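Asker: Handing you a structure now.
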Amino acid sequence: MSVATTAVATATATATAPSAEAGCTPLPVLGRDVRVPLVTGGDVTYAALDYAASAPALQRVWDDVAAYAPYYGSVHRGAGYLSQLSTDLFENARKTVADFLDCRDGDQVVFTRSTTDSLNLLAAALPAGCEVFVFETEHHASLLPWRDARTTYLDAPRTHADAVRTLERALADRDPQGSALVCVTGASNVTGELWPVRELAAAAHAHGARIVLDAAQLAPHHPVSVQELDVDWVAFSGHKLYAPFGSGVLAGRADWLRDAEPYLAGGGASRKVARRADGGVDVEWHDSAARHEAGSPNVIGAYSIASACTALQEAGFDSLVARERQLIDAVRTGLAEVPEVRILSLFGDDAPRVGVLSFVVDGWNSSHFAAALSAEYGIGVRDGLFCAHPLVRTLLGAEPGDTGECGAPEAAPGEPSLNAIRVSFGAGTPDEHVERFVRAVRELVTEGARWTYRTEDGRCVPATGSEGSR
């Protein structure tokens, strides 16, 4: 560790660290004491159950970033002490992420803005003529970046074995002389179900294809080993890994990234620039990860991801996974006691999953139900199609309709649902939040909402004034 980095390490020594019992209790997160008003009167501690969209930042991460803030300086461009410190911090963050993902020697870790940005970067680095194979069940971040490639969209499988067979059949028909890439999620952002990544990677490699893992929903809940899964690249986002917004990672094999044109052209990506006699410009680009990190990097974003990686590893994934399974069982058991509730699944009720479940409620529009959970119980969930429209429509057996914000169909309260409700949780979720959610679902179904709601811009919101109270 350099002298500069030691200074920050000393400053962060008082940051919140997981205790020996951290795996048995929720990890401290920002917002855990925030209280929100209820339309029925009074207020309640907010139950954040939308981790699949954005998990709250760990207190440990926030403390680390705050401790670094006074030492903030330019990266890779300054001779001063703070610049050297920030550069060390940025590059050490890269090593921390590589260790967290168990990367191979020679793999590159590129810092991006998000999972979406990471996969678009890889899409821009595909060799000419590369074929891409992706299941229709993917999040749009994995489904859409390959539009300029020869892309084969695979039907939704109903078992792990079916997923592997579907991929093998598709790969068997391709030109074995050309390059190919398979893109697959590690855990569904809709159902939370785990995918057979290792088996899909083996099938891809057996047919001369490479594979990229969308670990946005997997990395916050389970350890991800590039070597054990034998994937070629991994992409994930900081804001789902208990870090602040605006940072992401693409990690994996260097050759396609090294041979591609820089994702962005500019300072930092270039090693040498010279004017030619004819007035043009010659550029020599970096071969390292810097090739795709032009401009001043998001040092705080990279450091916060590294801090989150360290915090999760120190807390221990075995304990985190065990506790999350208890929360999953509590939610599933509670929802099973309400006959009107149907949990959505591709692989069946017994499929292993992370803390993400989507469901529909007979007789309820999902936007109405989610609005009531928020307004009357202080519970934040998500409703809609979750930026995975083909998958949710497959699970619901619904045809596309007129859609509003992020795919939420414009429907008045009480109309049949063409979308779903998603509850998601993780390392920072208290037991009480899950208990309150299960109780709220039961009460809404059996007793109905205590407030009236109206449709505004395609979403259900509480009515205001005297018209709201029932």
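Asker: Just to confirm the number: angle between the C-alpha axis of helix 431-447 and the first principal axis of the chain, 0 to 90 degrees, nearest 10?
Answerer: 40 degrees
Asker: Continuing with the same structure: So in the stretch 67-314, what percent of DSSP beta bridges are antiparallel if you round to the nearest 5? If you can, show how the numbers build up before the last one.
Answerer: On the way: 16 of 33 bridges.
Roughly 50 percent of the DSSP beta bridges within the stretch 67-314 come out antiparallel.
Asker: Another question about this same structure. Rounded to two decimal places and with Rh computed the Kirkwood way over Cα pairs, what is Rg over Rh for the stretch 67-314? Show your work: numbers first, answer last.
Answerer: On the way: Rg = 18.8 Å, Rh = 18.8 Å.
We get a ratio of 1.00 for the stretch 67-314.
Asker: At 0.36 nm per residue, minus the direct Cα-Cα distance, what do D259 and L144 gain on full extension? Give it in nm, one decimal, please.
Answerer: On the way: separation 115, 0.36 × 115 = 41.40 nm, distance 2.27 nm.
Computed gain between D259 and L144 is 39.1 nm.
Asker: Going highest first, how would you order 162-173, 83-94, 123-134, 304-315 by mean Cβ packing within 10 Å? Walk me through the intermediate numbers first.
Answerer: On the way: 162-173: 16.6, 83-94: 21.0, 123-134: 18.7, 304-315: 23.5.
By packing density, highest mean first, the sequence is 304-315, 83-94, 123-134, 162-173.
Asker: Compute the relative contact order of the stretch 323-405 as a whole-number percentage, counting only Cα pairs closer than 8 Å that sit 6 or more residues apart in sequence. Walk me through the numbers before you get to the answer.
Answerer: Numbers: 48 pairs, mean separation 18.6, N = 83.
Reported relative contact order: 22 percent.
Asker: Further, regarding this structure: What number, in percent, do you get for the relative contact order of the chain if the mean sequence gap of Cα pairs under 8 Å and at least 6 apart is divided by its residue count?
Answerer: On the way: 964 pairs, mean separation 94.9, N = 470.
In percent, rounded to a whole number, it is 20.
Asker: Here's a follow-up. Compute the distance from the alpha-carbon center of the stretch 57-115 to that of the stretch 260-318, in whole Å.
Answerer: First find each Cα centre; the distance between them is then 12 Å.
Asker: Go through 140-149, 387-396 and give me the packing order, highest mean Cβ count within 10 Å leading. Working shown, then result.
Answerer: Working: 140-149: 19.1, 387-396: 20.7.
Descending mean neighbour count gives 387-396, 140-149.
Asker: What value, in deg cm²/dmol to 500, does the helix sum -39500 (n - 2.57) over DSSP H runs of n ≥ 4 give at 222 nm once divided by the residues of the chain?
Answerer: Working: 14 runs with 159 residues, N = 470.
Per the formula, -10500 deg cm²/dmol.
Asker: Contour minus end-to-end for A53 and R198, with contour as 0.36 nm per residue of separation and end-to-end as the Cα-Cα distance?
Answerer: Working: separation 145, 0.36 × 145 = 52.20 nm, distance 2.53 nm.
Contour length minus the Cα-Cα distance gives 49.7 nm.
Asker: Let me check against my output: what whole-number percent is the relative contact order of the stretch 317-467, with C-alpha pairs under 8 Å and at least 6 apart? The partial results should precede the final answer.
Answerer: Values: 222 pairs, mean separation 44.1, N = 151.
Computed over the stretch 317-467, the figure is 29 percent.
The numbers here are math on the coordinates, done by the rules we state, and not lab data. Fair warning: this is a prediction, and the values are worked out from it, not measured in the lab. Here the Cβ is made from the backbone with ideal geometry for all residues, glycine too, and neighbour counts use every protein chain on show.
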